[in-house]
Every structure is written in structure tokens, then in C-alpha cells.
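Notes follow once the structure below has been shown.
The values are calculated or read from the model by the stated rules, or taken from the named source; none is laboratory data. Quantities reported herein were computed from a predicted structural model and do not represent experimental measurements. Note: ideal-geometry Cβ built from the backbone for every residue, glycine included; neighbour counts use all protein chains shown. Protein only, heavy atoms only, side chains kept; ligands, DNA and RNA dropped before computing areas. Shrake-Rupley method; radii C 1.70, N 1.55, O 1.52, S 1.80 Å.
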Amino acid sequence: MTHLTLQAVTKRFNAAYAVDSVDLSVPDGKLVCFLGPSGCGKTTLLRMIAGLETPSSGSINFAGRDITHLPANQRDFGMVFQSLALFPHMTVAQNVAYPLKLRKTAKDAQARRVAELLELIQLPHMANRPVTQLSGGQRQRVAIARAIASQPKLLLLDEPLSALDAKLREAMQVEIRLLQQRLGITTIMVTHDQREAMTMADEIVVMEKGRIAQVGKPLDIYRDPVSEFVADFIGLGNILPVSYDGAGGVSLPGGRRIAVAQPARMPESSSDIRLLIRPEDVCVKAASGDAGQNRLAGTVTFIRDVGASLEATIDCAGFTLTAATTPRETPGLTLGMPVFAELPPHACKLIAARAAH
Ligand code: ATP
């Protein structure tokens, strides 16, 4: 059963389409991320679900009811938006209690719920502290507690972690995800950070210019992107223009032929094809003997060694490849070193080239 469904939802600002014919079903109890570059329409789509923006056309259904034109305050959704800050003159407990007060919940029930929520976000000892005296991460937790105080059926988060530094942000991603799973609350989160989406989401909706480019589980999208745009946006990738010979082989820039796994779905146009191979699938070895099938001779031109992981750029005459490995797996790699880059056929994916602009 899906609770939230969008049908051909479109939003125009004057003549420009911010969101263009979006169809989507959000499964119950799942965390779905809207992911895409700046300006692709993520926030506008979320604001329409929240009721803060009205679609130009299309419909939004929630729990079997058409809510397209229902005012935001009648939707009972929890929201944490970047601009929706905590009330600075109130304490932690007063902030969390605010939505309950609005609903005229009885005082003792309010107190019980606030205590429960502060326990949930692990800040029970800070109930009476002004929110101005909290760290960024603590404030985010209070904002989330406030958003879920009245037990909304849908939680909407718009870049809730963007103001935090990298380390805190990663910790909060795990915290929010665990909390969401414990409560089983259907959640939609907007982010432009693919790593954040991969960490938190059950499903990712990749958006491109107001449209949905792909919907799927994070790893499915990572491993099987439908287009160059999605491949490029989700994770690091080596993307090379190639021509397919129709018999399990492609010609790389410069003319070398390598074998690839027969694609499950062939890009529509055989002339605009890209080969995608993820850096962790490129095996780097010291060059010795013949290169052989799917082994390309190259030279190391850059090394990023950060201790736990190692990234090497390899110039293969005609194109460069990035390989991701570890210092333990590939010891002794040095700049200028001749190497072989091995591209296993099963890891070579053929995808449609990005449409020309
Ligand atoms: P970001 O990650 O930068 O927040 P986004 O993917 O959330 O971007 P939106 O904020 O939804 O993108 O904007 C989509 C498009 O709609 C942009 O081109 C934006 O300029 C335009 N837009 C958004 N809100 C308005 C508005 N109120 N009036 C006119 N144009 C708008």
C-alpha cells in the first residue's frame, strides 16, 4: 500500500517549468530522498507535497484523499525546512511542545510527550536550556523532535543537515535514519548530496531539470544508472565515449577494443553510447609482460592517498581513468609509474549519452 501518490504534478513559474509531469508513489514507512543538482526542482516538489506551493496542474493524493489544494496547516505533516528555524526565545522543551500547544493537547499529555521525545533525541537533560545555547547538531535534533511531536503521518525534510560541518553531518545522517526506522514514519528528504542520499534512503528519486531521471534503491541506481546524467551524479565514475560493435565489444577513444558484458538494455541510439566503469572496479597492477584483453597500459599521473583509501589517476593515451583502491591492496604505487589498468567486462556498463544542450 502506498500512502502518497503524485500524478503528473507540474509547477510553472511564469513560463519556466520548475517541476514537469512528475509521477511518483512513496511507499509507507520508507525514507525517500529527492536528489539532484541545484535548480532541478527538488524543493518545489517538496513544497507542493507540504502544501506551501500549489501545483499548476496534476494531483497529489495522500491516504486515499486528494490533497492537491488542501492548505498546509490541514495536512498534519511534520516539516524541517532550512528556513523554518527554532523559536530562539524558547527552551528546548517549549520548542518541542509548541505543535502540541497549537493543537490544545492537555498539559499533562504535553509534558509526557515532550519527555518521551527528548528521550528519543537523547537530550532529556537539556529540556530547560534555551535553544540558543545548543550546538548545531543538538538544534537539528530538537527541530526533528518538534516536527514529529504531533505524530505526523509524513515527515518532510528539506536539506536539514546542510548547515552542519562534515563530521556532525555524517553522524546526524545515521541518527535521523535510525530514528526514522524506529518510528517507521514515512519521510521525504531533499538533498543535493549523493553520499547523504546513499546513506539514508530506501529509495532515491534522481531529478534533472524538473523531471524524474530515475527512481530506485540506492545501490541499484549506483550500479545500473539509466543515463550519463544519473551515472555522473551518483558517485564517482569513469565515463568514456565508445562505439559498440554489437558483439560484446566496444572501441575506446584511441581505438583499443575491450570486451563488455552484454548490456541488459541497450541504449536506444548506438552512436551516443558511453562506457561507465566505477573507480573501485578498475584494478591497477604493475605493468609486466603483455597487456592482454581488457588490460590497458597507462601511466600514473596523480595519487590521492588518504591512508584508508587510495585514488590513482591513470593516463591511458587518449583518455584517463580513475582507480579507487587501498594503500594495502596496491602498495608501491608512484607517480610516473607504468601500470596496467584492468577493466573486468562485467563491470563495464553501457549507458546512453547525456542529451546535447
Ligand atoms: P536547490 O538545491 O538550489 O535548492 P532545487 O532543486 O531545490 O534547488 P527549486 O528551488 O525547486 O530547485 O527550483 C527549481 C526552479 O524553479 C529553479 O529554476 C528556480 O529558480 C525556480 N523557482 C523556484 N521557486 C521560484 C519562485 N518562487 N519563483 C520563480 N521561480 C522559482
Query raised in the report: At a Förster radius of 30 Å, what calculated FRET efficiency corresponds to the Cβ-Cβ distance of Q151 and E175, to the nearest 0.05?
Result: 0.95
Report task. Within the set of other residues whose C-beta is less than 15 Å from the C-beta of V92, count the net charge using Lys and Arg as +1 and Asp and Glu as -1. Result -> +4
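What does the charge count near G58 come to, summing +1 for each Lys or Arg and -1 for each Asp or Glu among other residues with Cβ under 15 Å from its Cβ? Please report the intermediate quantities before stating the final value.
On the way: positive: K11, R12, R47, R211; negative: D20, D23, E53, D66.
It works out to a net charge of 0.
Quick one: net charge around D76, please, counting Lys, Arg +1 and Asp, Glu -1 for every other residue with C-beta under 12 Å from its C-beta. Could you put the intermediate results ahead of the total?
Numbers: positive: R65, R75, R103, K153; negative: none.
Residues near D76 contribute +4 overall.
Which loop-located trypsin sites (Lys or Arg not before Pro) does region 91-162 contain, where loop means any DSSP state but H, G, I, E or B and the Cβ has at most 11 other Cβ atoms within 10 Å? Before the final figure, lay out each step's value.
Numbers: sites: K101, R103, K104, K107, R112, R113, R139, R141, R146, K153; in loops: R103, K104, K153.
Loop-located and lightly packed - R103, K104.
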Query raised in the report: Hey, rough spin-label estimate for S25 and H346, points 7 angstrom out along Cα→Cβ, what's it come to in nanometres?
Result: 3.2
Query raised in the report: Roughly what percent of Cα-Cα pairs across the chain reach past 38 Å?
Result: 32
Requested in this report: Tell me the label-point distance for the pair R65, A355, using the 7 Å Cα-to-Cβ offset, in nm and rounded to one decimal.
Outcome: 3.8
**Report entry** Nearest-0.05 FRET efficiency for A8 and E280, computed from C-beta distance (R0 41 Å)
**Finding:** 0.60
**Report entry** Exposure of K209 as accessible area (Å², to 10), given a probe of 1.4 Å and all protein chains
**Finding:** 130
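Within region 268-357, list the trypsin sites (Lys or Arg not before Pro) lying in a DSSP loop whose Cβ has at most 12 other Cβ atoms in a 10 Å radius. Provide the component values of the computation, followed by the final result.
Numbers: sites: R274, K285, R295, R304, R328, K349, R354; in loops: R328, R354.
Counting only loop positions with at most 12 other Cβ atoms within 10 Å, the trypsin sites (Lys or Arg not before Pro) in region 268-357 are R328.
Compute the longest continuous run of the chain that contains no exposed GluC sites (Glu not before Pro); treat a site as exposed when its DSSP state is not H, G, I, E or B and it has at most 15 other Cβ atoms within 10 Å. It would help to have the intermediate numbers written out before the result.
Values: sites that count: E268, E329.
Longest site-free region, per DSSP loop and neighbour criteria: 1-267.
Using a probe of 1.4 angstrom, how much of the accessible area of the chain is carbon and sulfur, in percent? Write out the running numbers ahead of the final one.
Details: 8870 of 17380 Å².
The C+S portion of the solvent-accessible surface of the chain is 51 percent.
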Requested in this report: Can you work out the accessible area per residue across the chain, with the rest of the protein chains kept in place, probe 1.4 Å, in square angstrom?
Outcome: 49
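Can you tell me what share of the DSSP beta bridges in the chain is antiparallel? A percent to the nearest 5 is fine.
Antiparallel: roughly 75 percent of the beta bridges in the chain.
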Report task. Distance between Cα centroids, region 1-53 to region 89-116: provide it in whole Å. Result -> 31
Requested in this report: Take each uninterrupted DSSP H stretch in the chain, measure its Cα extent along the helix axis, and return the ones at 24 Å or beyond whose mean Kyte-Doolittle hydropathy is at least -0.5.
Outcome: 166-183
Query raised in the report: Which pairs in the list K217/K285; K285/K349; K42/K101 are over 24 Å apart, alpha-carbon to alpha-carbon?
Result: K217/K285; K42/K101
Query raised in the report: Distance in nm between label sites at D272 and D165, each 7 Å beyond Cα in the beta-carbon direction?
Result: 4.5
Report task. Specify whether the C-alpha gyration tensor of region 196-355 places it in the rounded, prolate or oblate class, a ≥ b ≥ c being the square roots of the eigenvalues: rounded for a/c under 1.5, otherwise prolate if a/b is larger than b/c and oblate if not. Result -> oblate
